[in-house]
Amino acid sequence: APMKFLYRHALAFPITQVVLIFPRTGVCLDPADRQGLSRLASRMLFAGAGGLSHHEYNCRLERLGAGSGSSLSNDHFSMRLVTLTENLEPALDLFLDAMLRPNLDGEEFRRLREELHSTWISDREEHKHLRAQDVYLQRIYGGQPTGYQADGTEQGLLGTSLDDVRGHYPSLFGHEEPILGVLSDLPREEAERRIARRFAALAASPNGRPYPWDGFQ
């Protein structure tokens, strides 16, 4: 099936926002003993790509008036780019580098794992509802993948290696056609030509791996 393309015209602003949503993926695909693997992998995408260091990558985005990021949940993953429309092509180049050619550098991995581990601890020290939610999800789902939290577990984060991330990274993009959303001052036809065609190669790649939400009761 072709990629679903959602478009909204934004006449008043010379910006373009691109959102890619990957269904049938998410933290439910993490191994039970490495919950947090998808979280680490998604953050590594923007920690340097295409041979550019983390600092170089972000400096280039800033010079273009652009920003990028990602969002991860139990059952899907999304990536987003916002850029000045006049710099659309070079911004898309960087965005695609993060998706298809991340550096997955060892030093950046260790820095990110330490950062995410510290955040996991401080979040649960400062917000009691997160600790309560951990217990609630465990009781409701019995430790099954459908109840995994987006930020993983402390043991899972600490037990994840760079090799784990390298092996898991393709799973972030799911096994169904992604959904592409565009908000832009470009006319629809031009947005489709300049943006949608850049992502046409992101075809579904089913691998037979069972998806935890299938047949969920």
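The values are calculated or read from the model by the stated rules, or taken from the named source; none is laboratory data. Everything numeric in this text was worked out from a predicted model, so none of it was measured. Cβ coordinates were reconstructed from backbone atoms using ideal geometry, including for glycine residues, and neighbour counts include every protein chain displayed. We work out accessible area using only protein heavy atoms, side chains counted, and drop any ligands, DNA or RNA first. Shrake-Rupley method; radii C 1.70, N 1.55, O 1.52, S 1.80 Å.
Step by step: first the residues of segment 30-66, then only those that are of a type in the set (Gly, Ala, Ser) and open to solvent by less than 30 Å² (accessible area, probe 1.4 Å), then the one that is nearest to THR85 (Cα to Cα). Which residue is that?
Taking segment 30-66 and keeping what is of a type in the set (Gly, Ala, Ser), we get 32, 36, 38, 41-42, 47-51, 53, 65-66.
Remaining after also requiring open to solvent by less than 30 Å² (accessible area, probe 1.4 Å): 36, 38, 41-42, 47-49, 66.
Working: GLY36: 35, SER38: 31, ALA41: 29, SER42: 25, ALA47: 24, GLY48: 23, ALA49: 22, ALA66: 9 Å.
Filtering segment 30-66 for residues that are of a type in the set (Gly, Ala, Ser) and open to solvent by less than 30 Å² (accessible area, probe 1.4 Å), the one nearest to THR85 (Cα to Cα) comes out as ALA66.
If you go through segment 183-206 and keep only what is of a type in the set (A, V, I, L, M) and modelled with pLDDT under 95, you end up with ALA196, ALA200, ALA201, LEU202, ALA203, ALA204. Take the conditions (1) closer than 21 Å to LEU20 by Cβ; (2) at pLDDT 95 or above; (3) part of a helix (DSSP H, G or I); LEU180 misses just one of them, which is (3). Could we say that ARG209 is in a loop (DSSP other than H, G, I, E, B) and modelled with pLDDT under 95 here? Taking the combined requirement at face value, the residue satisfies it. In this entry, GLY152 is excluded by the filter for residues that are at positive phi and open to solvent by 50 Å² or more (accessible area, probe 1.4 Å). On the stretch given as segment 92-114, residues that are at negative phi, in contact with a helix residue (DSSP H, G or I) (Cβ under 7 Å, 6 or more places away or on another chain) and touching a residue at least 60 places away in the same chain (Cβ under 8 Å) total 7.
When segment 148-200 is filtered for residues that are closer than 30 Å to SER118 by Cα and of a type in the set (A, V, I, L, M), the ones remaining, listed by number, are ALA150, LEU157, LEU158, LEU162, VAL165, LEU172.
One residue is enough: does segment 158-168 have a residue meeting the conditions without any contact (Cβ under 8 Å) to a residue 24 or more places away in the chain, open to solvent by 40 Å² or more (accessible area, probe 1.4 Å) and part of a loop (DSSP other than H, G, I, E, B)? Before you say what the answer is, go through the steps one by one.
First pass over segment 158-168, keeping only residues without any contact (Cβ under 8 Å) to a residue 24 or more places away in the chain: 161, 163, 167.
Next cut, open to solvent by 40 Å² or more (accessible area, probe 1.4 Å) only: 161, 163, 167.
Retained after the next criterion (residues that are part of a loop (DSSP other than H, G, I, E, B)): 161.
Yes.
Residues that are free of Cβ contacts under 8 Å to residues at least 40 places away in the same chain and open to solvent by 10 Å² or more (accessible area, probe 1.4 Å) do occur in segment 70-84, at least one of them.
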